[in-house]
Amino acid sequence: MSASPSAGALRQRDALARSQPEAGPWLALLTEVARESGAPQWESAAAGTALRSRQPRPLPLLAGAAVPLDERVVAEWIGRLFALAGNAGPDATSLAEAADRVDARALLAAAIDQDGHRLSTHALALAVDPDVLAAIAQLAAVPLLQACRRRLASAVSADWDDGCCPICGAWPALAESRGLQRERRLRCARCGADWAAVAMRCPYCRNGDHQHLGSLISETQGEGRKVDTCDRCRGYVKSVATLRPWAADEVPLADLATVDLDIAALERDFARPEAPAVALDVRLVDPPDGGTRTGGR
């Protein structure tokens with residue numbers, strides 16, 4: 001069983017294929033991830049996830065969670081994704097050759113935790129480009145994280161006011177300025193979560209001093225497509241006006257479609273944080289029916 005990409009994602013993908021033909025291999029990967037995201041094994045893993053009963057402070061729901069996931073399921077999925085990624089260019093060719101040598105569950109756990117050191121260690125062991133491996137590993141985590149979001153979204157605290165995703169802890173990919181009221185909503189490109197942004201506050205450093213907050217506004221599209229910036233931490237968030245919420249599989253496509261805003265921010269020495277917001281420390285464990293384990297953490 002697999003899911004079909006949403007209608008909005010299909011429209012975004014077709015528009016991107018026309019405007020950014022060089023992004024074709026990445027669009028193929030995103031389409032495969034969207035299809036995989038409805039597979040029952042990920043829903044089953046999400047349903048069996050055990051959350052940490054007590055958190056020392058408000059943390060994303062998956063912080064410290066134990067997720068039951070058969071090694072064979074992960075190995076098959078990562079092998080398929082590596083094979084498809086191998087068509088993306090010379091830097092990714094070696095991924096296809098590394099598929100049968102990767103510790104699949106350990107790699108997936110590192111991606112979920114956004115642990116750059118562990119991902120680099122995997123890249124060194126596999127003799128592959130670390131940036132390419134990190135990018136593909138993050139895609140590999142999406143089906144599980146989206147299943148967890150569908151299962152856990154109702155448990156998110158109504159007063160969550162952190163800048164990071166309340167489900168998986170990722171920093172927002174961008175913000176929606178939604179509807180006629182221009183409600184500001186932050187969106188996660190990993191699990192697809194959707195949460196309220198605190199007005200006039202940097203999601204990264206929580207700076208609320210308007211004298212140190214600004215915007216880079218498009219000359220042609222005005223407030224409908226802009227970059228919100230923070231002079232204190234030099235962080236930025238892209239903001240796009242939309243009449244309706246994006247479907248989860250539209251978020252990474254919207255992120256790709258606004259790469260010009262990333263460039264504008266980077267040219268002015270703004271950047272997204274390299275470090276994750278929290279140490280998620282998710283554990284991928286054997287399912288209770290006795291899945292086969294050959295690795296993981």
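The values are calculated or read from the model by the stated rules, or taken from the named source; none is laboratory data. None of these values were measured; they are calculated from a predicted model. Cβ atoms come from the backbone with ideal geometry, glycine included; neighbour counts cover every protein chain shown.
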* To do: Look at A141 and say whether it is part of a helix (DSSP H, G or I) and at pLDDT 95 or above.
  => yes
* **Qualifying position, being within 20 Å of the chain's Cα centre (by Cα) and exposed (fewer than 13 other Cβ atoms within 10 Å of the Cβ), among D260, D255** => D260
* To do: With the condition kept exactly as written, say whether any residue in segment 98-115 is surrounded by fewer than 17 Cβ atoms within 10 Å (Cβ to Cβ), without any contact (Cβ under 8 Å) to a residue 60 or more places away in the chain and closer than 25 Å to L27 by Cα.
  => yes
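Residues to consider are G214, G222, G208, G235; find the one that is of a type in the set (G, A, S), surrounded by 14 or more Cβ atoms within 10 Å (Cβ to Cβ), over 28 Å from L145 (Cα atoms) and not assigned by TED's automatic domain parsing to the domain that holds L145. Quick ask: steps written out before the conclusion?
Values: G222 fails: surrounded by 14 or more Cβ atoms within 10 Å (Cβ to Cβ); G208 fails: surrounded by 14 or more Cβ atoms within 10 Å (Cβ to Cβ); G235 fails: over 28 Å from L145 (Cα atoms).
One residue alone meets the criteria, G214.
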* **Looking only at segment 7-44, and only at residues there that are assigned to a loop (DSSP other than H, G, I, E, B) and at pLDDT 90 or above, the one that is surrounded by the most Cβ atoms within 10 Å (Cβ to Cβ)** => S37
* Structure fact -> Exactly one of V102, V73 is in the same structural domain as Q146 (by TED's automatic domain parsing), part of a helix (DSSP H, G or I) and β-branched (V, I, T), and that one is V73
